[in-house]
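Below is one structure, written out as structure tokens; comments come after it.
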Amino acid sequence: MAEILDIVNEKDEIIGQMEREEVHAKGLICRMVFVLFYTPDKQIILQRRSLSKKSNPGRLTTTVSGHVESGATYDETAAKETLEESGISVELSDLTNLGVLYAGYTEGDYISNAMRGLYLYEFKGSVGDLKIEAGEGEGFESISIDEFWRRRSETPDDLSLYLLDELGAKMIQTIEAL
């Protein structure tokens, strides 16, 4: 069964629903969430996307990301996707909500225009505690913030487009300021 997403306008108001594939084919605005784990010593944990993904295959991205299904909220989706993609169960009070940011990009024939709910999560475990969701990711990597900025400048092709734009910068800068 196809995943149905809410279509929203630039004010994040719902204006319709459509199947996920069609939303991206037409470049309509949908809703997504991104959760970035960081450790008490400010290491960030990135997920390597599966090579079979339509967008950013094989690239490092936020620890967790996903589409907000029709009728769901950003908060509900952040908690649900965190469990699905990392095996970690979180309460909404465990997440730092950074708000919603619009970001869009085109990668081949895949168009991603979305209102993106951004979240941080202080993770006190080790990378080995995280469970990879089959078909979604290839694994997790813990790096310092300095290493992130170095890679962003020197090897940008290894990072997802999300981490190269304002979304990634905002999340990392917030962790730096903690």
#### Entry: Distance between the range 117-141 and the range 1-47 - C-alpha centres, whole angstrom
18
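Based on Cβ point charges of +1 for Lys and Arg and -1 for Asp and Glu, what charge dipole magnitude is obtained for the range 4-177 about its Cα centre, in debye rounded to the nearest 20? Please report the intermediate quantities before stating the final value.
Numbers: 18 positive and 32 negative charges, 52 e Å.
It comes to approximately 240 debye.
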### Task
Measure out, as a whole number of angstrom, how far apart the alpha-carbon centroids of the range 148-178 and the range 59-90 sit.
19
## Note on the structure
Diffing the range 60-73: the Karplus 3J(HN,Hα) column from phi (6.51, -1.76, 1.60, θ = phi - 60°), in whole Hz with x for Gly and Pro, holds 6, 9, 4, 4, 9, 7, x, 7, 8, 5, 3, x, 8, 9
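Indicate the gyration tensor shape class of the range 1-58 (rounded, prolate or oblate), computed on the Cα atoms with a ≥ b ≥ c the square roots of the eigenvalues: a/c under 1.5 is rounded; otherwise a/b larger than b/c is prolate and the rest oblate.
Details: a/c = 3.15, a/b = 1.65, b/c = 1.91.
Oblate, since a/c reaches 1.5 and b/c is not below a/b.
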### Message
Only bridges whose two residues both fall in the range 4-177 count here: according to DSSP, what percent of them are antiparallel, nearest 5?
### Response
75
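Given axes a ≥ b ≥ c from the Cα gyration tensor, I'd like to know whether the range 102-146 is rounded (a/c under 1.5), prolate (a/b larger than b/c) or oblate. Walk me through the intermediate numbers first.
Details: a/c = 2.35, a/b = 1.64, b/c = 1.43.
It comes out prolate by the Cα gyration axes.
Could you tell me the convex hull volume per residue, in Å³, taken over the Cα atoms of the range 10-97?
In the range 10-97, the Cα convex hull volume per residue is 123 Å³.
So if a site counts as exposed when it's one of the GluC sites (Glu not before Pro), its DSSP state isn't H, G, I, E or B, and it has at most 14 other Cβ atoms within 10 Å, what's the longest stretch of the chain without one? Please list the in-between numbers first.
On the way: sites that count: Glu3, Glu10, Glu13, Glu91.
Answer from the scan: 92-178.
What value, in deg cm²/dmol to 500, does the helix sum -39500 (n - 2.57) over DSSP H runs of n ≥ 4 give at 222 nm once divided by the residues of the chain? Numbers along the way, then the final one.
Values: 5 runs with 46 residues, N = 178.
Computed mean residue ellipticity for the chain: -7500 deg cm²/dmol.
Cα gyration tensor of the range 78-178, axes a ≥ b ≥ c as square roots of the eigenvalues: rounded (a/c below 1.5), prolate (a/b > b/c) or oblate?
On the way: a/c = 1.28, a/b = 1.23, b/c = 1.04.
Because its axes are fairly even, with a/c under 1.5, the range 78-178 counts as rounded.
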## Note on the structure
Helix 166-177 sits off the longest principal axis of the Cα atoms of the chain, rounded to the nearest 10 on a 0 to 90 degree scale, by 30
#### Entry: Translational diffusion coefficient (Stokes-Einstein; Kirkwood radius from C-alpha pairs) of the chain at 25 °C, 0.890 mPa s, in µm²/s
151
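Each value in this text was obtained by applying a stated rule to the coordinates, not by laboratory testing. Computed from a predicted model, the values in this text were never measured in an experiment. As a convention, Cβ positions derive from the backbone with ideal geometry for all residues, glycine included, and neighbour counts pool all protein chains shown.
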